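Structure first, commentary second.
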Amino acid sequence: MTGVSFQPCTYAKSFSGNAQFGITVWNTSSRQVAVAVWVEYWMTKRRYDCSSPFPQDHVVIGPGETWSSPLGNCVLPDIKGETHRVQSRAGVSEEGGNPRNSRLEFSRGVDIYPDGRAVPVP
């Protein structure tokens, strides 16, 4: 999509036992755009769907503006036991399209260790 870029987001705070996932979309064009967005998360190389509200079929972003999904909309609670790498994957399509079939990108990963530390992957 011309004039639209996006970045999946992963946030995990040490000793919280959870990770949150989302997406930020930038409209770099001079016109308003309507897009559909989708987010999923991965934990230790396995894919999981975020529950509602994803996909979101109608997100309107003004020219030069940014839209971000609330991180609390996709949360993985109670991460414990062994080391897990978590990250989000997301896509954006034109309104009415299927963002799962668009260009998909991964966020940076975060390793969550058994002692509760959350360390971003370089």
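The values are calculated or read from the model by the stated rules, or taken from the named source; none is laboratory data. Quick caveat, the model's predicted, so the values are computed rather than measured. Cβ sites come from the backbone with ideal geometry, for glycine too, and all protein chains shown count toward neighbours.
A few comments on the model shown:
So that you can scan it fast, the table gives a plain yes or no per residue for (1) more than 17 Å from the chain's Cα centre (by Cα); (2) under 15 Å from MET1 (Cβ atoms):
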residue	(1), (2)
SER52	no, no
GLN56	no, no
GLY64	yes, no
GLY72	no, no
VAL86	no, no
GLY91	no, yes
ASN101	no, yes
ILE112	yes, no
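- Counting residues in the range 30-47 that are closer than 14 Å to GLY109 by Cα and touching a residue at least 60 places away in the same chain (Cβ under 8 Å) gives one or more.
- Where a residue in the range 92-115 is within 14 Å of LYS13 (Cα to Cα) and free of Cβ contacts under 8 Å to residues at least 40 places away in the same chain and its partner, wherever it lies, is buried (at least 19 other Cβ atoms within 10 Å of the Cβ) and not small (Gly, Ala, Ser), with Cβ under 9 Å and at least six apart: ASP111/HIS84; ASP111/VAL86; TYR113/HIS84
- Between ARG46, ARG31, the distinction of being of a type in the set (Lys, Arg) and either touching a His at 6+ places or on another chain (Cβ under 8 Å) or over 23 Å from VAL86 (Cα atoms) (or both) belongs to ARG31 only.
- In the range 9-48, the residue that is nearest to CYS74 (Cα to Cα) out of those that are charged (D, E, K, R) and touching a strand residue (DSSP E or B) at 6+ places or on another chain (Cβ under 7 Å) is GLU40.
- Selection within the range 61-93: residues that are of a type outside the set (A, V, I, L, M, F, W, C) and at pLDDT below 90. The member of this set that is farthest from ASN18 (Cα to Cα) is PRO70.
- Meets criteria (modelled with pLDDT under 90 and under 28 Å from PRO120 (Cα atoms)) for GLN56: yes
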